[in-house]
Amino acid sequence: MGIRIGEKEFDKRVEKGLADSFMRSAVTEAQDRLRTGRLKAAEELGDWESWRDLGEEIRHHTMENLDFYLQQLSENVAKRGGHVFFAETAEKANEYIQQVVKEKQAKKVIKSKSMVTEEIGMNEALEDNGCEVIESDLGEYILQMDDQDPPSHIVAPALHKNKAQIRDVFRDKKGYVNNDIPEEMTRFAREQLRNEFLSADIGITGCNFAVAESGSISLVTNEGNARLVSALPKTQITVMGMERIVPTWEELDVLVSLLCRSAVGQKLTSYITGLTGPKEDGDVDGPDEFHLVIVDNGRSNILGTEFQEALHCIRCAACINVCPVYSHIGGHAYGSIYPGPIGAVLTPLLDEYENNKELPYASSLCAACTEACPVKIPLHELLIKHRQKIVEEAKKTEASERFAMKAFEWVASTPSLYNMGSKAASLAMSPFTKEGNISKGPGPLKPWTEIRDLPAPGKERFRDWYNKREKGGRRK
Amino acid sequence: MKVSLFVTCLTDIFYPEVGKDTVELLERLGCEVDFPESQTCCGQPAFNSGYHKESIKVAKHMVKTFEGSDYVVTPSGSCAAMLKEYEKLLADDQAWQEKARALGEKTYELTEFLVDVLNEEDVGAAFHAKATYHTSCHMTRLLGVKDAPVKLLSKVEGLDLTSLPHGYDCCGFGGTFSVKMALISEQMADAKVKHIEETDADVLIGADAGCLMNIGGRLRRKGKPVKVMHIAQVLNRKEKR
C-alpha cells in the first residue's frame, strides 16, 4: 500500500468523504467516545499536565540521543541472539523481510497491527512474491477482507465502518450468516483466525516501543493477537520506526501510561507485552528466531530540523480523535495512512510536499490537537511551519495569494494606507450590500459569500467614532 | 489605570459597535482608555498562511504602535495570542525580540483583563435573554483564557446561559481556512449551528469577531433567527425591565 492511499486529488478525496454520511456518523460517534474516555482516564490519573511534561521530556531526550539508544538497542538485541537490520528505505526493509521469508520457505505470514509495515507497503511486497499475509488485528482483518480497504485511523483502522457494514463484509467474503452484534462477529473472526495462527510460518509484529537497555520490544494491544503472533510461529520479525524507542523500562512505564489513556481511555490495555530476543532454553513458547527491522524511511531527515518534534509521536491518535476537520472528511481524505493532524504534519515529511501540499492547510489551526497530545507536540505550530516552507522554499502558493499577502504587508504596516483602504471598503462594498449584509461578494469575497453572509462594512468605522467622541462620554 | 485599546481590524471595520462597547465598559470600570491611531492588524492572516516575512513588518509596526502603553487590551483572544507570538516571530533580532516580549507581557484579552487585572466579575450588566456562549479556540487553547467569560456572564442580571454542546469544537473559521477549505469550513459551521439550535438560545455570545463573523454569517444564510453578540456588547448592556 505504501504511505499514499486513495485518489490523487485532495479535493476529490474530500468531496468523497463529505458525501459519506455513514462514515461521518461512525467517525463522530467514535470520536465522542474516545475523547470522553481519554479525559476521564486523565482525570483519574491526576496531575495530567505533569505527566505530559514528563512524556515530552522523555521523547525530547530520546530524540536528541537517538543514535546512542539505537546502538544500545541493537547491541542488546544481538546479545540475546536476535538479528538487527537497519533499513534506510522502505525497499531495503522489504528486501530484508523477503530474504527471511525465502530462507524459511514461508508460505504464510501472520501479522499483528503495525502502521510502519503499511508505510513501507510490506504486505504487497510479500504477496507479490507468493507469500500469503494475514492481518490478525480485528480492524485490520476486516479491512484486508474488504478488498484491502486502507486504514482511516492509526489506532482503530476500521473506524470509518459501522457494524452493519462489517457484517456485510463478513457475509460477502466469508459466508457469515449471523447478525451484526459485535460479540457475534468477533467470535466468528476469532474462529477464522485461530486456524491462521496455527498454520503460519512467520509472525510479524510492529513495535510500540523498543527498550534500549534490555534489547526488548513492547506491544500494546487489546485483543491478545500480538501474543499469539509472537508465541506460535517459529520465526518472528518485528518492524519498528527508528524513533519508537525508550532508554529504559522506567520511561516505558510513563509512555505506556500516557499511550493507553490517550488512545483508548484505558489505564492499561488488556495486554502489554514485553519481549526480549528469541526463545531461550526453558521457555515454553516464543520464536526460535527473532529479527528486528528498524526502519528509517525518511525519519533521519526530520531529525535536527524544525520538525523534529513530529518524531515524538507515540501514535495514540488523541489528535485525530479531537480534530473537527477529520470528523467531517474522515481518514481517507488525507490520502495517507497517517491521517488527522499528525498525518498532516508527518506525511509531507515522509513522502513529499508535491503530493501532499494541501495537507498543512487542512486545519483551522484550532489547536485541539496540540491540547490533546500526551507528549505535547505543537501540532498546529508545525502545520504553520509547513505552510511557511511551502511559501518560502517550495514557492508553491499561487501568484494571486503571494500578491495579496504582499499587499497586506504593505497596508498593515502603513497606517495611511490602512486608513484609506478601510475607509474605502464601505463605498466599494455598497453595490453588493443589502440590509447591512453581503450575500454575493465579488472576487476574493466569493468563496466566503458562497457559504455565509458577510456583514457590510459600515460608513463609520470604530476609529471614526472614537475620534469624534467626547472623552468619557456614553452613548446611552 | 491607563489602557490602550487594540480594537482589531475586523472590529474596526465590520463591528464598530463592539469597539464602542469595549471603550465604554472599560471606562465605566475606571480605566482611562486611549486608542493609538496608527494601529492596523495583528498580521495573523499572513502569519498563519506561512507568510512570515510579510508578517514581520506588520509585527514591528504594531510593536512600535503600542510601545508607550501600560496595558494593551483587545476584544479578541485570537489577536491577543498573535501579539504574544511576536516574540518568537522577531527572534532573529534581539532588540526587536525584547520589545516584542514587552508587548506580549502587557497584552490582555478583554475578559481576561476584567477578571485577572481589574478583579471585576460583576460589571453591573443586565440583559434579559436566553443565550449560549461560544468558546473561541485561540482564546482558550493558545491564550489559556477559559473561565473569565463565563464568570462575567454568570453575573449578568437576567441572562439565562445554557452551555453549548460540543463547545470545544472549532466553528470552522480559521482565518484563510474559511475560504481555502470552504467545503470543510461549511460543515464545521453547520455542526456549530446545529449545536446552537439544540440549546434553544435566542442569542449566541462570543468573544472573537472572526468566529462571530463565521457563525453569524452562516446562521443568517440559513435563515436562523439567532442573534449574534460579542461579549463586550452584553457586558456593556444595562436594560430596564
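Within the range A:362-378, the only residue that satisfies the criterion of being buried (at least 24 other Cβ atoms within 10 Å of the Cβ), among the hydroxyl-bearing types (S, T, Y) and more than 17 Å from B:H166 (Cα to Cα) is A:S363. Here is the figure for the range B:129-175: residues that are within 8 Å of chain A (Cβ to nearest Cβ) and not charged (D, E, K, R) total 9. Residues of the range A:140-183 that are open to solvent by 60 Å² or more (accessible area, probe 1.4 Å) and aliphatic (A, V, I, L, M): A:V177, A:I181.
Scanning the range B:38-68 for residues that are outside any helix (DSSP H, G or I), farther than 9 Å from A:A412 by Cα and of a type in the set (S, T, Y) yields B:S38, B:S49, B:Y51. Only residues that are open to solvent by 10 Å² or more (accessible area, probe 1.4 Å), under 17 Å from the mean Cα position of the chain (by Cα) and not hydrophobic (A, V, I, L, M, F, W, C): list them for the range B:227-241, please. Answer for the range B:227-241, where residues must be open to solvent by 10 Å² or more (accessible area, probe 1.4 Å), under 17 Å from the mean Cα position of the chain (by Cα) and not hydrophobic (A, V, I, L, M, F, W, C): just B:Q233. If you go through the range B:187-226 and keep only what is open to solvent by 40 Å² or more (accessible area, probe 1.4 Å) and part of a helix (DSSP H, G or I), you end up with B:Q187, B:K194, B:E197, B:E198, B:R220, B:R221. Here the condition is being more than 16 Å from A:K8 (Cα to Cα), without any contact (Cβ under 8 Å) to a residue 12 or more places away in the chain and more than 12 Å from chain B (Cβ to nearest Cβ); of A:D281, A:D296, it holds for A:D281 alone.
Taking residues in the range A:444-469 that are more than 7 Å from every other protein chain (Cβ to nearest Cβ) and touching a residue at least 24 places away in the same chain (Cβ under 8 Å), and partners anywhere that are aromatic (F, W, Y) and open to solvent by 40 Å² or more (accessible area, probe 1.4 Å), the pairs with Cβ atoms closer than 9 Å and at least 6 places apart or on different chains are A:A456/A:F432; A:A456/B:F14. Taking residues in the range B:47-63 that are more than 7 Å from chain A (Cβ to nearest Cβ) and surrounded by fewer than 24 Cβ atoms within 10 Å (Cβ to Cβ), and partners anywhere that are of a type in the set (D, E, K, R) and in a helix (DSSP H, G or I), the pairs with Cβ atoms closer than 6 Å and at least 6 places apart or on different chains are B:V63/B:K99.
Within the range B:227-239, which residues are under 24 Å from B:E109 (Cβ atoms) and not small (G, A, S)?
Taking the range B:227-239 and keeping what is under 24 Å from B:E109 (Cβ atoms), we get B:227-238.
Those that are under 24 Å from B:E109 (Cβ atoms) and not small (G, A, S): B:K227, B:V228, B:M229, B:H230, B:I231, B:Q233, B:V234, B:L235, B:N236, B:R237, B:K238.
Within the range A:40-63, is even one residue under 28 Å from A:A164 (Cα atoms) and part of a helix (DSSP H, G or I)? Explain how you work it out, then say what you get.
Our first condition is that a residue be under 28 Å from A:A164 (Cα atoms); within the range A:40-63, this holds for none.
The answer is no; no qualifying residue exists.
For the range A:70-90, a tally of residues being of a type outside the set (A, V, I, L, M, F, W, C), in contact (Cβ under 8 Å) with a residue 12 or more places away in the chain and open to solvent by 40 Å² or more (accessible area, probe 1.4 Å) returns 8. Considering the conditions (1) facing chain A (nearest Cβ under 7 Å); (2) touching an Asp or Glu at 6+ places or on another chain (Cβ under 7 Å); (3) within 25 Å of B:V145 (Cβ to Cβ), B:V33 is excluded by exactly one of them, (1). Taken over the range A:262-288, the residue count meeting the criterion of being touching a Lys or Arg at 6+ places or on another chain (Cβ under 7 Å) and open to solvent by less than 50 Å² (accessible area, probe 1.4 Å) is 7. When only residues in the range A:345-361 that are touching a helix residue (DSSP H, G or I) at 6+ places or on another chain (Cβ under 6 Å) and away from chain B (no Cβ under 12 Å) count, which is most open to solvent (accessible area, probe 1.4 Å)? Residue satisfying both the conditions and the ranking: A:L349. Any residue at all in the range A:373-380 that's modelled with pLDDT under 95 and more than 11 Å from chain B (Cβ to nearest Cβ)? The answer is no; no qualifying residue exists. Just wondering, is there one or more residues in the range B:126-137 that are among the polar types (S, T, N, Q), touching an Asp or Glu at 6+ places or on another chain (Cβ under 8 Å) and closer than 22 Å to A:D453 by Cβ? Within the range B:126-137, one or more residues are among the polar types (S, T, N, Q), touching an Asp or Glu at 6+ places or on another chain (Cβ under 8 Å) and closer than 22 Å to A:D453 by Cβ. Scan the range A:237-249 and tell me whether some residue there is over 23 Å from A:C373 (Cβ atoms) and either outside the structural domain of A:T117 (by TED's automatic domain parsing) or within 22 Å of the chain's Cα centre (by Cα) (or both). Yes: one or more hits. Would you point out which residue out of B:G124, B:G172, B:G167 is in contact (Cβ under 8 Å) with a residue 40 or more places away in the chain, open to solvent by 10 Å² or more (accessible area, probe 1.4 Å) and among the small types (G, A, S)? So the residue among B:G124, B:G172, B:G167 that is in contact (Cβ under 8 Å) with a residue 40 or more places away in the chain, open to solvent by 10 Å² or more (accessible area, probe 1.4 Å) and among the small types (G, A, S) is B:G124.
Counting just the residues of the range A:406-428 that are buried (at least 18 other Cβ atoms within 10 Å of the Cβ) and among the aliphatic types (A, V, I, L, M), which one comes out nearest to the other protein chains (Cβ to nearest Cβ)? Here the residue is A:A412. Could you tell me which residue of the range A:210-235 is nearest to the chain's Cα centre (by Cα), considering only residues that are crowded, with 24+ Cβ neighbours inside 10 Å and farther than 21 Å from A:E280 by Cα? Result: A:V220.
Looking at the range A:455-465, which of the residues that are touching a helix residue (DSSP H, G or I) at 6+ places or on another chain (Cβ under 7 Å) and not in a loop (DSSP other than H, G, I, E, B) is nearest to A:G436 (Cα to Cα)? My answer is A:P455.
The values are calculated or read from the model by the stated rules, or taken from the named source; none is laboratory data. In this text the structure is predicted, and so the values were computed from the model without any measurement. Heads up, the Cβs are rebuilt from the backbone with ideal geometry, glycines too, and the neighbour counts pull from every protein chain shown. The protein model used for the area step is the full one, side chains on, heavy atoms only, and it has no ligands, DNA or RNA in it. Shrake-Rupley method; radii C 1.70, N 1.55, O 1.52, S 1.80 Å.
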